[in-house]
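Accompanying notes for the structure given below.
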Amino acid sequence: MSHSNTAAFPVQNPSWELDSIFGGGVDSQAFEDAVQGLERDLGKMLDALESLGAISGGAGLSAQGLDDWAAFLAQLETLSDQAREAGAWAGCMSVTHTDNPRALLLPSRLNDVRARMATLWVGIEAQFRGIEDAVFARFTEHPKLAHCGLFLRELRRDANGKMDPELERLAVELNRDGLHTWGQLYDQISAQIEVEIGEGEDAKKMSVGQASNLFSDADPAKRKRAFEGLQKAWGAQSTTLATTLNAIVGSERTLYTRRGGDELSDALNNNRVERQTIEAMMEAADAFRPLLIDYMQTKSKALGLDEGMAWYDREAPLGKLDNKKISYVEAQEFIVEQAQKFSAPMGEFYRRALANRWVEVEDRPGKAQGGFCTGMPVSKEIRIFMTYGGTASGVQTLAHELGHAYHGWLMRDLGAFERRVPMGLAETASTLSEALVESAALARVEGDQKLRLLDERLQRATAFLINIPARFRLERAMHAERATGELNAEKLTEMTTEIFGKAYGAGLTSVDPTFWASKLHFYITREPFYNFPYTFGYLFSKAVYERAQAEGPSYAGVVDQLLVDTGRLTAEEIGRRYLDADLGDSAFWRAAAQSLHEDVREFKQLLGV
Ligand SMILES: [Zn+2]
């Protein structure tokens, strides 16, 4: 590491340092050299692939042939890290220089690298297709590859779960202008939507994001107007969006049917979970419906909503707002203190990441929205991007991203092939870190501030345990419906109203019938079923948190080991090894969220009911 451990903490400077990765800013020659080097090396790899021996059939793979393959895969692992580092740096530059066209173009400088990488993988998969058990065992036992057993098993599974290589190549080419273009069409439509709020002379035009923000306004009339405006705006696009969704679901269906799977196959594989695990998790989520409906009804009364809570009242604020800002320095000290209490290595890492300016939080123009954490696998550094506005939720977001950073840091010495963490497990450290800070914040506030924090916690629970499961059911219903016919706007609206109405039950008086149209997650073509991993991450991290609370400080070391293994074990293996749990049993998932009963009890007590 290029930075000393004695750098000043807390830091005053809210912007990050990127020169230690590639120096020279937007016109970095070091970055350009790295990209050209990658293009050259990947070109050589493509040639080398041609001359490698066939894995299966014929006379079989010689000892030399196996060594060549192992060396080839090991080099690809190294190049993957270099590509990741260059891509991460380019991404970091572009989000902090949105007013500089040259910076915005940096990520696309990697396009050629990505294309060569994709072509390589198609070639490698074709070779692993139909590989015999005995030959495969020689790969997993080879000293250069022994560390990435899960990766090799998945490579083999994916190779065998595909159509003939020639058909797969055709699918890739067709998807570029078909499936993925439908996804892009959604992005374009949703970005252009203008929402008209109010009528006549008072009418105002807003973006979808601005209008949605009004759902947390204290004025019920404003929330209702925002909802009506959004309904109208999405409703106007419903025919086009139904056609889009019909094409996406239809294309996906054609492919998974041809490959011999079903609508969940890819998503289960990507997330390294078994079907039974997801079913058990959904069953457990349903068990919390009565409790969360009780919470919504309680909140509705507290808000004085005589007719009950409507869809657009869910985020309405309770109590008086505290406008006191928390400075960046205070936030750093508070987060490090809480992390330190949980685990000395975690606290030490947070302090070092902040002191070394791996974190960008500055509130200024010329920056992208949102937040993320990215690893620099060659330099073994991490970077966090967000905008910190001095609010309590901003402190939690920073804690969340630092949790991701810690997770990445713990995995820094692993190879690229054992570092891919599925989405559900990737939220373990971040959510745990957020929970530590949230609990500490809850313990030091009272009255309205406490009510707000609890309400936010219960809103999140409702999203993960009611809303996401309803999305999952809607996704499955779309595929079932598409098997026998076409999806259209009327049908989609009817399905949405029925499924969400049943999910929220007596908790809400209305649902959003255009949810199928407005929710981006149904249109993400590169990650089908992009919803259930959120519930998985929420409940799984809660289980780890509960366990850590019960076991005391000694468990922090176990959590570290669990995090390191998230790239090389399946979800079920992690559950068995570190939580003594069977993820296929709904009892595990139910136990994870038991503390919600106490949260609802406290929420009611604060409201005096
Ligand atoms: Zn996260």
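The values are calculated or read from the model by the stated rules, or taken from the named source; none is laboratory data. All figures in this text were calculated on a predicted structure; none of them were measured in a lab. Reconstructed Cβ throughout: ideal geometry from the backbone, glycine too, with neighbour counts over all protein chains shown.
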Checked pairs for region 470-482, first without any contact (Cβ under 8 Å) to a residue 40 or more places away in the chain, second acidic (Asp, Glu) and part of a helix (DSSP H, G or I), C-beta under 9 Å and 6 or more apart or across chains, list as Ala477/Glu498
Taking region 298-330 and the residues there that are among the aliphatic types (A, V, I, L, M) and assigned to a helix (DSSP H, G or I), the one that is farthest from Ala226 (Cα to Cα) would be Val329
For region 565-583, which residues satisfy the criterion of being crowded, with 18+ Cβ neighbours inside 10 Å and not basic (Lys, Arg)? Asp565, Thr566, Gly567, Leu569, Thr570, Ala571, Ile574, Gly575, Tyr578, Leu579, Ala581, Leu583
A careful count of residues in region 323-341 that are closer than 16 Å to Ala405 by Cα and modelled with pLDDT under 95 gives 0
Would a scan of region 412-421 turn up a residue that is within 12 Å of the ligand (Cβ to nearest atom), at pLDDT 95 or above and aliphatic (A, V, I, L, M)? yes
Return the residue satisfying two criteria in turn: it lies in region 91-145 and is within 25 Å of Glu39 (Cβ to Cβ) and of a type in the set (Asp, Glu), and of such residues it is surrounded by the fewest Cβ atoms within 10 Å (Cβ to Cβ). Asp112
Cβ-Cβ below 7 Å, separation at least six or inter-chain, first residue in region 115-131 and assigned by TED's automatic domain parsing to the domain that holds Arg84 and among the hydrophobic types (A, V, I, L, M, F, W, C), second outside any helix (DSSP H, G or I) and surrounded by fewer than 18 Cβ atoms within 10 Å (Cβ to Cβ): which pairs? Ile131/Ser56
Restricting region 70-89 to residues that are buried (at least 21 other Cβ atoms within 10 Å of the Cβ) and either in contact with a Phe, Trp or Tyr (Cβ under 7 Å, 6 or more places away or on another chain) or not assigned by TED's automatic domain parsing to the domain that holds Lys144 (or both), the one nearest to His142 (Cα to Cα) turns out to be Ala86
Within region 519-558, of all residues that are basic (Lys, Arg) and farther than 20 Å from Arg590 by Cβ, the one farthest from the chain's Cα centre (by Cα) is Lys519
Can we say Gly403 is without any contact (Cβ under 8 Å) to a residue 60 or more places away in the chain, under 19 Å from Glu546 (Cα atoms) and assigned to a helix (DSSP H, G or I)? yes
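Within region 366-387, restricting attention to residues that are of a type outside the set (A, V, I, L, M, F, W, C) and within 14 Å of the ligand (Cβ to nearest atom), which residue is surrounded by the fewest Cβ atoms within 10 Å (Cβ to Cβ)?
This residue is Gly370.
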Scan region 182-197 residue by residue and report those that are buried (at least 16 other Cβ atoms within 10 Å of the Cβ) and out of contact with any helix residue (DSSP H, G or I) (no Cβ under 6 Å at 6 or more places or on another chain). Ile189, Ser190
Can you name every residue in region 22-56 that is in contact (Cβ under 8 Å) with a residue 60 or more places away in the chain and over 25 Å from Ser94 (Cα atoms)? Gly43, Met45, Leu46, Leu49, Leu52, Ala54, Ile55, Ser56
What do you reckon, is Val135 in a helix (DSSP H, G or I), farther than 30 Å from Thr387 by Cα and in contact (Cβ under 8 Å) with a residue 24 or more places away in the chain? yes
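Here is a yes/no grid of residues against (1) at pLDDT below 90; (2) under 30 Å from Glu77 (Cα atoms); (3) among the aliphatic types (A, V, I, L, M):
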| site | (1), (2), (3) |
| --- | --- |
| Phe139 | no, yes, no |
| Arg153 | no, yes, no |
| Gly161 | no, yes, no |
| Glu168 | yes, yes, no |
| Ala171 | no, yes, yes |
| Tyr186 | no, no, no |
| Val195 | no, no, yes |
